[in-house]
Amino acid sequence: MAASLIIEHLTFQYSDGTPPALSDFSLTVPTPSCCAILGPTGSGKTTLLHLLVGSLMKHHPSSIAHGSIMINHVRYEPAPKEVLFPTVGLTLQDPYVQLSGIRETVHSEVALTLELLGTEPSMIDAQVQKTLRELGLYELSHRRPNTLSGGETQRVALATVLVADPLLLLMDEPATALDYGAQAQLKSTLRHLKEKTTLLITDTHIDFVLEVADRFVVLDKGTCILSCSKAEFLAHLPELGNLLPVDDWREVLKLRERRSPHTERVFKALGFT
Amino acid sequence: MSIMVQNLSFSYSTDRKILKDVSLTIAPGEFLLIVGRNGVGKSTFLKLLNGIRKPTSGKVLIDGMDTRENSVASLARKICVTFQNPADQIFAPTVFDEVSFAPRNLKRTDPESIAQKALQLCGLEHHKTSHPYDLPPAERKLLTIASAVASDATYLAFDEPSAGLSSIEQNLLEHVITSLLAEGKGLLVVSHDLPFFFRYATRVVVLENGSLSFSGHAEELMEREGILRRAGLRLPPLVRAKRIISAMEKKREVGGDDVVTL
């Protein structure tokens with residue numbers, strides 16, 4: 001069962017005196033769903049994910065935070081102070097940091113997660129194989145992690161988190177180094193996953209999330225400026241040019257204005273369902 | 001004056017050939033976009049250009065300098081490669097030290113002002129005294145690009161430079177690319193981001209199973225759907241929208257009304 005997530009009036013400021021990374025941020029993510037967190041660099045996307053997983057308050061205990069976060073009916077004020085893995089999983093923007101570097105093969109790297117969680121050893125192999133197949137990584141099972149390409153590393157890093165079946169999965173820029181085939185595979189994995197896991201995905205390019213997310217949140221300098229459904233997001237898209245790379249999409253939306261009997265079907269084919 | 005890749009083959013081990021008999025040339029002022037699926041050998045190809053890796057057979061000549069016979073350090077005056085993962089190359093304690101390392105080390109005239117100009121071009125001058133790891137990932141990526149710019153090498157090669165950049169940094173990257181091309185630098189970019197780079201690339205090559213399956217203009221590539229699919233590329237949204245609309249109009253003319261997908 002996917003975890004519910006309710007964030008209320010969350011403010012977070014690092015102890016170095018810089019302005020708040022998040023200001024009075026509220027968000028309710030219905031289950032099951034996939035929520036895209038968009039915004040320029042420094043808007044607070046990554047801070048939000050690290051607050052939710054618990055690593056930020058754990059490692060920056062002297063930072064200033066207010067508000068509350070409720071994950072799966074457990075309330076944290078202002079945010080979890082311990083890492084909540086495997087209830088909450090986080091894939092990092094830099095996949096190289098996510099891998100342990102101490103394992104000889106992709107299979108044993110992914111198995112390491114389950115070993116550390118104390119999973120019954122006889123269950124581990126099957127679970128690892130299932131995850132590797134789902135992510136199209138099975139043929140890489142015996143490769144050394146340090147011989148993988150950038151895109152392959154990104155998928156293996158995701159596998160090390162997904163194998164633990166988190167109820168809330170946070171993904172920081174999961175599609176950046178993936179070719180379109182790998183992106184399509186990830187999209188279909190996420191569409192299935194959405195049924196049992198609540199997903200929060202940050203992205204700087206909107207192509208990927210337009211096809212998987214059903215909620216859209218836009219952050220600017222720590223403030224939430226838009227939190228809406230996909231239809232509303234598309235309606236606001238032309239105004240978001242200074243925050244998101246939407247020029248091309250804006251032109252596409254102009255085509256939509258020229259209504260023809262087939263327009264809606266064209267947009268369905270483009271992923272605007 | 002050019003990069004000449006002649007019958008280049010490369011393997012890391014005997015059982016897996018990465019590149020097979022690849023030949024191409026790049027002249028200063030050209031922008032070569034190198035595309036292909038994850039793991040196909042694009043990044044390895046860049047490492048063969050600056051001599052970090054040596055050909056298993058065939059050769060690479062950078063303005064006549066054979067990479068098999070010249071050190072990485074001596075090739076660095078001619079060609080500078082940035083890695084996909086900034087952490088693989090950043091080492092200095094401040095942003096300015098990082099960017100001024102290449103011009104100082106390569107004994108360029110007035111390295112400080114070269115570094116300063118590169119930081120300005122990449123929108124990083126306000127981070128001059130910051131530690132590189134205090135920068136957000138997108139700006140760290142721009143930092144590696146600024147370091148390459150400051151090397152003032154004739155050829156600059158960037159591995160996935162647009163990955164993880166938001167619209168602000170993408171605008172900066174566009175500005176960097178157009179400035180470098182105007183200066184007559186030769187640019188090589190490895191990327192999956194066809195929608196971003198197709199406007200600037202003078203030529204695109206597709207790497208598939210170790211060989212070049214396509215070499216030509218981006219517009220030409222966008223017509224070759226089979227190659228695009230196999231290379232893991234997607235058309236820019238606007239091109240895709242227009243194609244779907246025209247395909248549907250054609251279908252309507254002949255009486256069909258199925259939704260067309262691309």
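The table below lists the values:
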item	result
Region B:209-226, residues that are buried (at least 18 other Cβ atoms within 10 Å of the Cβ) and either among the β-branched types (Val, Ile, Thr) or within 14 Å of another protein chain (Cβ to nearest Cβ) (or both)	B:210, B:221, B:222
Output for region A:135-151, where each listed residue is touching a residue at least 24 places away in the same chain (Cβ under 8 Å) and outside any loop (DSSP other than H, G, I, E, B)	A:140, A:145, A:146, A:150, A:151
Qualifying residue in region B:234-241 (condition: more than 14 Å from chain A (Cβ to nearest Cβ), under 17 Å from residue B:37 (Cβ atoms) and surrounded by 16 or more Cβ atoms within 10 Å (Cβ to Cβ))	no
Long-range neighbours under 7 Å by Cβ, at least six apart or interchain, first residue more than 14 Å from every other protein chain (Cβ to nearest Cβ) within region B:43-54, second in a helix (DSSP H, G or I)	B:50/B:72; B:50/B:75; B:51/B:72; B:51/B:75; B:52/B:72
Among (1) touching a residue at least 40 places away in the same chain (Cβ under 8 Å); (2) more than 23 Å from residue B:221 (Cα to Cα), the one test that residue B:12 misses	(1)
Within region A:241-263, considering residues that are closer than 17 Å to residue B:243 by Cβ and of a type in the set (Asp, Glu), the one modelled with the lowest pLDDT	A:248
Count of region A:152-182 residues which are in contact (Cβ under 8 Å) with a residue 60 or more places away in the chain, of a type in the set (Val, Ile, Thr) and either assigned by TED's automatic domain parsing to the domain that holds residue A:139 or surrounded by fewer than 24 Cβ atoms within 10 Å (Cβ to Cβ) (or both)	3
Criterion: of a type in the set (Ser, Thr, Tyr) and under 20 Å from residue A:46 (Cβ atoms) - qualifying residue of A:147, A:153	A:153
Strands (runs of 3 or more DSSP E) lying entirely in region B:1-119 (those with 3 or more residues that are in the same structural domain as residue B:191 (by TED's automatic domain parsing) and more than 25 Å from residue B:142 (Cα to Cα))	B:3-13, B:16-26, B:57-62
Residue satisfying all of: in region B:152-181; surrounded by fewer than 22 Cβ atoms within 10 Å (Cβ to Cβ) and in contact (Cβ under 8 Å) with a residue 60 or more places away in the chain; farthest from the other protein chains (Cβ to nearest Cβ) among these	B:154
Entirely in region A:156-264, the strands (runs of 3 or more DSSP E) that have 2 or more residues that are in contact with a His (Cβ under 8 Å, 6 or more places away or on another chain)	A:223-229
Residues being within 14 Å of another protein chain (Cβ to nearest Cβ) and surrounded by fewer than 18 Cβ atoms within 10 Å (Cβ to Cβ) - total across region A:68-103	2
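The values are calculated or read from the model by the stated rules, or taken from the named source; none is laboratory data. The structure presented is a predicted model; accordingly, all values stated were derived computationally and were not measured. Note that we place each Cβ from the backbone using ideal geometry, even for glycine, and neighbour counts take in every protein chain shown.
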